[in-house]
1. Based on what the data block shows, is PRO288 outside the structural domain of SER369 (by TED's automatic domain parsing), surrounded by fewer than 11 Cβ atoms within 10 Å (Cβ to Cβ) and not acidic (Asp, Glu)?
2. Of the residues that sit in segment 361-378 and are touching a strand residue (DSSP E or B) at 6+ places or on another chain (Cβ under 8 Å) and assigned to a helix (DSSP H, G or I), which one is surrounded by the fewest Cβ atoms within 10 Å (Cβ to Cβ)?
3. Condition test on ARG210, is it outside any helix (DSSP H, G or I) and under 30 Å from SER19 (Cβ atoms)?
4. How many residues are part of a helix (DSSP H, G or I) and farther than 26 Å from TYR428 by Cα if we restrict to segment 278-316?
5. Under the condition of being among the basic types (Lys, Arg) and more than 28 Å from LEU294 (Cα to Cα), which residue from segment 222-280 is surrounded by the most Cβ atoms within 10 Å (Cβ to Cβ)?
6. Pairs under 9 Å by beta carbon, first residue farther than 23 Å from SER418 by Cα in segment 442-460, partner among the acidic types (Asp, Glu), six or more apart or different chains?
7. If I filter segment 51-67 down to residues being in contact (Cβ under 8 Å) with a residue 40 or more places away in the chain and closer than 12 Å to VAL156 by Cα, which single residue comes out as surrounded by the fewest Cβ atoms within 10 Å (Cβ to Cβ)?
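The values are calculated or read from the model by the stated rules, or taken from the named source; none is laboratory data. Computed from a predicted model, the values in this text were never measured in an experiment. Don't worry about glycine lacking a Cβ; one is built from the backbone with ideal geometry, like all the others, and counts go over all protein chains shown.
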Amino acid sequence: MTFSIRSKLFSILLLATGSVVLCMYLVMSWSFDRGFLNYVHQQEQQKYQSLSLALAQHWQKSKGWQSLNSNRRQWDKLLSQHLSVPPPMPDVLSGPLTQRSPHLNNAFQREPPHGLPHESVKKPLLLDKDKTMLIGRALDLELLTLYSIQVNDQIVGYLGQLPQQTLSDELDVLFVQQQSQAFILVAVVMVIICMMAALPAAAHLVKPIRQLGLGTQRLISGHFDTLIAINRHDELGQLSKNFNTLANTLKQNEGARKQWIADISHELRTPLAILKAEIEAIQDGIRPWTTQALTSLHNEVEHLNRLINDLYELSMSDIGALNYQKEKIDVLAILQDCLGAFTSEFHGAGLSQCFDNTLNKTAFVLADSDRIKQLFNNLLKNTLRYTHAPGQLMVNATIVQGTLRIQFEDSLPGVSESERGHLFERLYRVEASRNRASGGAGLGLSICQNIVNAHSGSISAQASHYGGLGIVISLPLMHPKKGNTV
């Protein structure tokens, strides 16, 4: 049997509040019983002190305890006046104690009926100055609370009281019972109030969780436009915000995936369609089988091969499968070699290149030399494909706060600000240069971004000072303790 979160929360809240109410009831009951018993004791002490004064006056008047000991009616009268003790039955206490029947004397020593207060608990004891029992039952003096009876600052006797551990007066017991019933009633009412408060509280806490559950089911079903209304600012509200962020991310990824598939299909279909058309033309005899036709077919195959290789490298980079053999390398030296390797191609395209290396220092970076070389080659190929002749490429390197900053700036044509933000998207090409003659598939800058990110760097696009496109690369330099000479 499983319980819902709502039932669990309700049970926890009810159990916690019920435990608190029970503890409060027990503590209050104990405190009231102890406090009321102390109050009764204090009242009894005042009465005993008053009785002690009366006994002192009686002793002074009678010159001893003999008259009081022989006349128990006078003793009972004093108790009735000062302690509110009802006098005994007249037929029982008629005559001196020594003249009573032995059966009556035994009757006084019997235990009271069950449920009634013991006589020795209610009546005090009288002792002389030597603490010899005069009136009352013989008890251990250590159990008694003694009140001295003084005449002219001399102790003539003691009044003994047996402390009560429980209440014996009927009115006192009734009062305590009424208070206990009131405490129980209050505790029950508090538990009911807690139940009424715990139920909506549990429902309030569970409501966003249910919404998250329903939203998750919709996401599983592919409805990535699912959003949850946020009307709270606690942890559940933050969780709802995270859910909406996840839903938007999945929606964007789904859109990018569809666009990715459509773009790949388009990029692969074009060279295949050209190959098929040229081969069919040769087969039908429309186009002769010449070296020029074979070169055209070879170019299309090469274009298709480059596209597939770029797609493969990009996918491997996404899943982290590219093998990066990082070591301490001089990035500026690799850049100089790459520029030298493209010198003839730049001259043939009517472009000039200039490397402003005013640092005159080495810049050591922990990186993979092959991937860094691929990064620079992609940027140089990008300039070759899209820069109009006559044109130029300016490359400069600076160091800012322990970071190597390399900037590529070419001449016309430029890229608008709205399009620069999409240059690193896969298969994206600026409309002005989106033609087959350039040979680009729009994957070069995406691969560059993955390479830079793998080296904990950054890459961005901006306007060039020469009217074209500027690409800025930032790579963290190695710490001087590790051999950096910058």
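1. The answer is yes for PRO288.
2. Among those residues, the one meeting the criterion is SER369.
3. no
4. Looking only at that region, the number is 11.
5. Once the filter is applied, the top-ranked residue is LYS251.
6. Going by the 9 Å Cβ cut-off, the qualifying pairs are ILE451/ASP368; ALA454/ASP368; HIS455/ASP368.
7. GLN60
Conditions (1) assigned to a helix (DSSP H, G or I); (2) under 30 Å from ASP76 (Cβ atoms); (3) among the aromatic types (Phe, Trp, Tyr), marked per residue:
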{"site": "ALA16", "(1), (2), (3)": "yes, no, no"}
{"site": "TYR25", "(1), (2), (3)": "yes, no, yes"}
{"site": "SER31", "(1), (2), (3)": "yes, no, no"}
{"site": "GLU44", "(1), (2), (3)": "yes, yes, no"}
